[in-house]
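Below: the structure, in structure tokens.
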Amino acid sequence: MRRPIEMGNPLLFFTMVIVLFPLGLGPAPDKLATFAPGVLWITALLSNLLTSDAVFRSDFDDGSLEQLVLAPQPLFLSAFAYILAHWLTTGLLLALVSPIFAFMLNLPVSALGTLIVSLLLGTGVLSLLGGIGAALTVGLKRGGMLISLLILPLYMPVLIFGTAAVQAAVTGAPSGPYLAILGAMLSLAIALAPLAIAAGLRISIDA
Amino acid sequence: MPSSAAGAPLLAAQSLSLVRGGRELFCELSVEVYAGQLWQIEGSNGAGKTSLMRILCGLSRYGFDGNVLRSVTPLYLGHQSAVKALLSPRENLQWHVSGEGLYSDEQIDTALARVGLCGYEDIPSHTLSAGQHRRVNLARLFLSEARLWLLDEPFTAIDKQGVDATQALLASHVDGGGAVVMTSHQPLQVTCNVHTLNLVDGAVS
Amino acid sequence: MWTFFHKLGSPPWLYAIAGAILRWLVPVTLVALVGGMVWGLLFTAPDFRQGNSYRIIYIHVPAAVVALAGYYVMAIAGAISLIWRMKMADVVMKAAAPVGAALTFIALLTGAIWGKPTWGTWWVWDARITSMLILLFLYLGVVALYEAFDNKEAAGKACAVLSLVGMVNIPIIYKSVDWWYSLHQPASIKFSGESTIDPSMLYPLLLMIAAFYALFTCCLLMNMRAELLQRESRTQWVKKIAGKESRR
């Protein structure tokens with residue numbers, strides 16, 4: 001939180017990618033509206049991917065990650081705290097700001113609530129999964145694109161149900177079941193991901 | 001090599017062997033550290049001192065043969081200072097000791113003063129020198145209640161005064177029943193007995 | 001029994017046992033593969049709807065089944081190496097990854113070859129093929145992660161964690177993609193003949209599935225032996241083997 005300007009980067013990225021879609025697909029309002037749920041979700045996914053790599057990197061570089069691993073606090077709790085901080089500065093912000101982009105893409109107003117909730121739940125899962133990828137690759141010198149390869153397959157179910165929820169809201173169908181599934185994914189991720197992240201961190205500092 | 005202390009060793013390494021980059025760094029290394037002992041690990045650059053320290057403190061868990069038994073939780077100061085550039089020394093120190101218990105502000109301040117950082121407690125660490133970062137680490141030694149200290153090159157970037165003060169601290173910790181295992185390029189000038197472990201020829205004294 | 005497991009943890013023993021298994025498994029696999037392919041490709045009746053093009057099913061389905069099972073083999077080997085610290089389990093895991101990836105690729109390729117005459121396109125985003133594609137990415141991720149680490153023991157542990165994460169996710173991914181496809185499925189594309197398969201087509205298929213399992217095991221064992229030789233290249237027993245080979 002010392003450098004609030006850094007929080008702007010993922011949002012800026014999100015904005016610019018959202019702008020790319022009409023540029024690439026044509027500005028026809030009804031076409032944009034059809035693709036809007038998918039576009040919003042894919043962009044959220046990509047910006048989450050972009051920021052996930054850095055979650056542990058600075059701590060790894062200056063040695064604080066070693067101290068974290070050796071500290072008496074359980075590592076999975078510390079890992080969860082890191083991911084929570086990451087989500088608060090990326091996913092949460094994105095979810096709250098998403099109505100603006102929804103308007104830019106002509107998403108019907110009725111779907112906004114579902115959009116926000118789906119993004120809140122979904123980006124939570126994305127942050128947790130991204131943390132796993134980050135933990136496994138933080139020690140690698142040529143990490144780079146590797147984290148994307150590792151976590152994109154895991155991101156896909158979130159994308160499927162996130163867009164389904166918004167799509168349902170757009171057509172007027174109940175989006176509750178899809179949001180419930182996202183919620184279930186979130187619960188599973190909260191329960192299991194920190195353990196995997198802790199294991200990954202221990203492996204990475206030893207590499 | 002038990003000196004005067006009886007009882008279980010604070011740290012026992014059994015038959016440690018490590019091969020790194022095709023070179024065998026050490027083979028069948030066994031060492032027992034008891035309370036009241038100060039150990040210095042000697043060896044030239046690249047001899048494996050840091051690798052051995054990491055194995056002894058538990059950071060390295062694979063890649064070597066042998067066993068390490070710790071009967072107490074050690075305090076480890078690694079090669080890097082783990083000082084976050086955006087936080088102040090006070091905040092860094094608070095974070096470093098946060099797992100060991102609650103320390104009051106006065107205690108943190110005292111510790112920082114004793115390492116010569118009085119007046120620097122609250123400025124962002126990126127304005128401080130590497131030596132000052134190291135001093136933030138050394139401040140931890142004044143606060144910690146851990147009996148076993150594993151210090152990897154604690155004198156890096158510290159000036160002569162600081163080295164003297166730290167050596168006095170190490171001696172008093174050892175005299176008080178603690179134990180210290182450290183690596184350093186400089187010979188130690190302390191009042192207590194120093195056990196040395198030379199990694200190049202495996203000599204122990 | 002316990003000594004058997006203990007011996008498995010020793011590289012020369014594992015090498016020898018793998019070699020012993022391969023000596024009879026390779027001929028059996030070849031016979032099963034050739035026999036199954038000949039039976040399936042030549043001796044079964046053509047499907048009334050798809051004609052002869054459906055025959056690729058004899059390669060596509062076994063490849064897909066074993067590719068999925070292979071991921072579980074890899075993940076379980078990883079779990080054994082991580083949790084029970086059995087030393088050679090990570091060799092099994094590392095050897096399984098490229099084999100599984102290759103099988104997934106074969107499944108995708110044969111799926112595409114099947115698709116062209118059946119639906120007119122080389123690729124279609126149906127549930128099974130999309131799931132196979134994601135499985136390929138999961139495999140490639142494990143392979144890439146292993147190669148990225150310099151310290152091979154850490155690489156094995158990291159891949160074990162990754163495979164376990166993937167293993168937990170595979171049912172979720174499969175169910176999601178399945179559901180996603182059923183949501184968007186155009187009515188015209190349907191898998192014909194899958195649920196009501198004639199016994200004369202079923203038996204060669206089962207034989208091919210068994211043959212592919214055997215093929216996977218052969219490739220796995222061969223890969224393991226190669227990996228063991230590479231890891232232990234400085235030891236006596238490997239030098240002896242190299243000496244024997246060069247003298248032949």
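The values are calculated or read from the model by the stated rules, or taken from the named source; none is laboratory data. Quantities reported herein were computed from a predicted structural model and do not represent experimental measurements. Please note: Cβ atoms are built from the backbone with ideal geometry, for glycine as well, and neighbour counts cover all protein chains shown.
Quick one: is C:Leu41 farther than 30 Å from A:Asp206 by Cβ, within 11 Å of chain A (Cβ to nearest Cβ) and assigned to a helix (DSSP H, G or I)?
No; evaluated as a whole, the condition is false for this residue.
List, please: which pairs have Cβ atoms under 7 Å, are six or more places apart or on different chains, and start with a residue in segment C:26-41 that is farther than 16 Å from C:Val61 by Cα and end with one that is in a helix (DSSP H, G or I)?
From residues that are farther than 16 Å from C:Val61 by Cα, the pairs are C:Val26/C:Cys218; C:Val28/C:Ala214; C:Thr29/C:Ala211; C:Thr29/C:Ala214; C:Thr29/C:Leu215; C:Thr29/C:Cys218; C:Gly35/C:Leu207.
Condition first: away from chain C (no Cβ under 12 Å) and more than 18 Å from A:Leu195 (Cα to Cα). Can you find one or more residues in segment A:122-142 that meet it?
yes
Let's see how each residue does on (1) among the charged types (D, E, K, R); (2) over 16 Å from the mean Cα position of the chain (by Cα):
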position: A:Glu66; (1), (2): yes, yes
position: A:Leu70; (1), (2): no, yes
position: A:Phe76; (1), (2): no, yes
position: A:His86; (1), (2): no, no
position: A:Leu94; (1), (2): no, no
position: A:Val109; (1), (2): no, yes
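Where residues in segment A:165-184 are more than 30 Å from A:Leu77 (Cβ to Cβ) and β-branched (Val, Ile, Thr), which of them is surrounded by the fewest Cβ atoms within 10 Å (Cβ to Cβ)?
Across segment A:165-184, the extreme among qualifying residues is A:Thr171.
Which residue, of A:Leu70, A:Leu49, A:Leu40, A:Leu94, is at pLDDT 80 or above and closer than 30 Å to B:Gly101 by Cβ?
A:Leu70
Somewhere in segment C:227-237, is a residue of a type in the set (A, V, I, L, M), in contact (Cβ under 8 Å) with a residue 40 or more places away in the chain and farther than 15 Å from C:Gly100 by Cα?
Yes, some residue in segment C:227-237 is of a type in the set (A, V, I, L, M), in contact (Cβ under 8 Å) with a residue 40 or more places away in the chain and farther than 15 Å from C:Gly100 by Cα.
If A:Gly144 satisfies every condition in (1) crowded, with 24+ Cβ neighbours inside 10 Å; (2) of a type outside the set (Val, Ile, Thr); (3) not in a helix (DSSP H, G or I) but one, which is the exception?
(1)
From the list B:Leu18, B:Leu29, B:Leu52, pick out the single residue that is within 15 Å of the chain's Cα centre (by Cα) and surrounded by 18 or more Cβ atoms within 10 Å (Cβ to Cβ).
B:Leu52
Applying the selection to segment A:72-98, what residues are aliphatic (A, V, I, L, M), touching a residue at least 24 places away in the same chain (Cβ under 8 Å), within 14 Å of another protein chain (Cβ to nearest Cβ) and surrounded by fewer than 22 Cβ atoms within 10 Å (Cβ to Cβ)?
A:Leu75, A:Leu77
Answer yes or no: is there a residue in segment B:33-52 that is within 14 Å of chain A (Cβ to nearest Cβ) and among the hydroxyl-bearing types (Ser, Thr, Tyr).
yes
For segment B:17-135, which fully contained helices (runs of 4 or more DSSP H) count at least 1 residues that are farther than 30 Å from C:Lys87 by Cα and either in contact with a Gly (Cβ under 9 Å, 6 or more places away or on another chain) or modelled with pLDDT under 85 (or both)?
In segment B:17-135, the matching helices (runs of 4 or more DSSP H) lie at B:89-97, B:105-114.
Suppose we filter segment C:137-166 for residues that are more than 7 Å from every other protein chain (Cβ to nearest Cβ), under 20 Å from C:Leu108 (Cα atoms) and touching a residue at least 60 places away in the same chain (Cβ under 8 Å); how many remain?
Of the residues in that region, 3 qualify.
Residue check: is A:Gly162 of a type outside the set (Lys, Arg), surrounded by 24 or more Cβ atoms within 10 Å (Cβ to Cβ) and facing chain C (nearest Cβ under 8 Å)?
no
Consider only pairs whose beta carbons are under 8 Å apart and that are at least six residues apart or on different chains; among these, list those whose first residue lies in segment A:58-69 and is more than 8 Å from every other protein chain (Cβ to nearest Cβ) and whose second residue is outside any helix (DSSP H, G or I) and among the hydroxyl-bearing types (Ser, Thr, Tyr).
Matching pairs, first to second residue: none at all.
Among the residues of segment B:95-105, is there at least one that is touching a residue at least 12 places away in the same chain (Cβ under 8 Å) and facing chain A (nearest Cβ under 9 Å)?
Yes: one or more hits.
Within segment A:185-194, can you find the residues that are surrounded by 14 or more Cβ atoms within 10 Å (Cβ to Cβ) and free of Cβ contacts under 8 Å to residues at least 24 places away in the same chain?
The answer is A:Leu188, A:Leu192.
Results for (1) within 14 Å of chain A (Cβ to nearest Cβ); (2) under 21 Å from B:Asp152 (Cβ atoms), shown as yes or no for each residue.
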site	(1), (2)
B:Gly7	no, no
B:Ser17	no, yes
B:Gly22	no, no
B:Glu28	no, no
B:Phe64	yes, yes
B:Val72	yes, yes
B:Glu91	yes, no
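When the residues of segment B:74-88 are narrowed to those that are more than 7 Å from chain A (Cβ to nearest Cβ) and more than 18 Å from B:Phe155 (Cα to Cα), which ends up nearest to the chain's Cα centre (by Cα)?
By that ranking, first place goes to B:Pro74.
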